[in-house]
1. Could you list, in sequence order, all residues of segment 261-278 that are modelled with pLDDT of 95 or more and of a type in the set (S, T, N, Q)?
2. Any residue at all in segment 105-116 that is more than 19 Å from the chain's Cα centre (by Cα), part of a helix (DSSP H, G or I) and not aliphatic (A, V, I, L, M)?
3. Could you pull out the residue among Glu203, Glu196, Glu281 that is free of Cβ contacts under 8 Å to residues at least 24 places away in the same chain and assigned to a helix (DSSP H, G or I)?
4. Scanning segment 32-53 for residues that are under 20 Å from the mean Cα position of the chain (by Cα) and either surrounded by fewer than 17 Cβ atoms within 10 Å (Cβ to Cβ) or modelled with pLDDT of 95 or more (or both), which turns out farthest from Ser80 (Cα to Cα)?
5. Got a number for residues in segment 73-128 being surrounded by fewer than 16 Cβ atoms within 10 Å (Cβ to Cβ) and among the basic types (Lys, Arg)?
6. Going residue by residue through segment 230-244, is there one that turns out to be in a helix (DSSP H, G or I), touching a residue at least 24 places away in the same chain (Cβ under 8 Å) and touching a helix residue (DSSP H, G or I) at 6+ places or on another chain (Cβ under 7 Å)?
7. Any idea how many residues of segment 188-207 are of a type in the set (Asp, Glu), surrounded by 15 or more Cβ atoms within 10 Å (Cβ to Cβ) and either touching a Ser or Thr at 6+ places or on another chain (Cβ under 7 Å) or under 30 Å from Leu129 (Cβ atoms) (or both)?
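The values are calculated or read from the model by the stated rules, or taken from the named source; none is laboratory data. None of the values given here were measured: they were computed from a predicted structure. Here the Cβ positions follow ideal geometry from the backbone for every residue, glycine too, while neighbour counts run over all protein chains shown.
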Amino acid sequence: MDLEKLKVVKERKGFIAALDQSGGSTAKTLDKYGISSDKYSNEDEMFELIHEMRKRVFTSPVFTSDKILGSILFYKTMNSKVNDKYTADYLWKDKNIVSFLKVDKGLADENNNVKLMKDIPDLEEQLALARERNVFGTKMRSVIYGANREGIKEIVKQQFEFAKTICDNGLVPIIEPEVDINIPDKEEAENILKEEIINVLKEWDKKDLIMFKFTIPTIPNLYLELYNFECVVRIVALSGGYATDEACKLLKQNTNMIASFSRALLQDLYAYQTEEEFNKELKNAINKIYDASI
């Protein structure tokens, strides 16, 4: 494990930019960016366009390490280049920003009010390539749609099983059990989730370092006590569908929880903007999210 990168992730002020939109969400992201589906004819062209969007963000003069400590990458982004360097190398060497790789394959069908992750048959291969590409950690997402203890317990079990494999391969996993912001029993679901996570952490090897990415909780600081476990490097928040201002307002109520926003970071960026306009909107979003994270 790269101890310099660990120090950045654990101690630096700032937030993590989530730019890991995958097959299921890429078309929507491009559409919001102002590139409709009639502008590409196949998946390869679609991913080339989303990579150009990400490159525009990464290379912007306002995308800097004084506000951003890490970025989450999609697999194709990790294997693509920015200014003739693989993306993670560009971010680290040119920007001093740490990279994480989204490793999950999307969600299985809903059962017990949750969507588990689909199996990840090539996880070991992804992790080997991530190490080769100088990536620091990973991220994997599952979703909770109700306060169903059996389902939540399944999510926690699956997340930690994959996390163990990732730790054994020398990377730091971000465990992301998202709680849908629209469910009526969100607070109860979050309480159950915390209880089930603590049950696992009590038996977890403290040398296996992990991170968590949570929906901003209904009760502020709900997850703060997870920092009592030595293995927990950092707790980050997803925007979960909240607009930037609302996500930042809610995040500010939570001590030692930093942002890992996607939609809230990108929502005012468009392909047709001039570089000046683009950088102005990106800077505005970065400043708001940074302020909420510190």
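1. Gln273, Thr274
2. no
3. When all the criteria are applied, what remains is Glu281.
4. In this case the residue turns out to be Lys32.
5. Total satisfying the criteria: 4.
6. Yes, some residue in segment 230-244 is in a helix (DSSP H, G or I), touching a residue at least 24 places away in the same chain (Cβ under 8 Å) and touching a helix residue (DSSP H, G or I) at 6+ places or on another chain (Cβ under 7 Å).
7. 1
The rows are residues; the columns are (1) closer than 28 Å to Val156 by Cβ; (2) in contact (Cβ under 8 Å) with a residue 12 or more places away in the chain; (3) touching an Asp or Glu at 6+ places or on another chain (Cβ under 9 Å); (4) of a type in the set (Val, Ile, Thr).
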site	(1), (2), (3), (4)
Lys13	no, yes, yes, no
Tyr40	no, no, yes, no
Thr64	no, yes, no, yes
Ser80	no, yes, yes, no
Lys105	yes, yes, yes, no
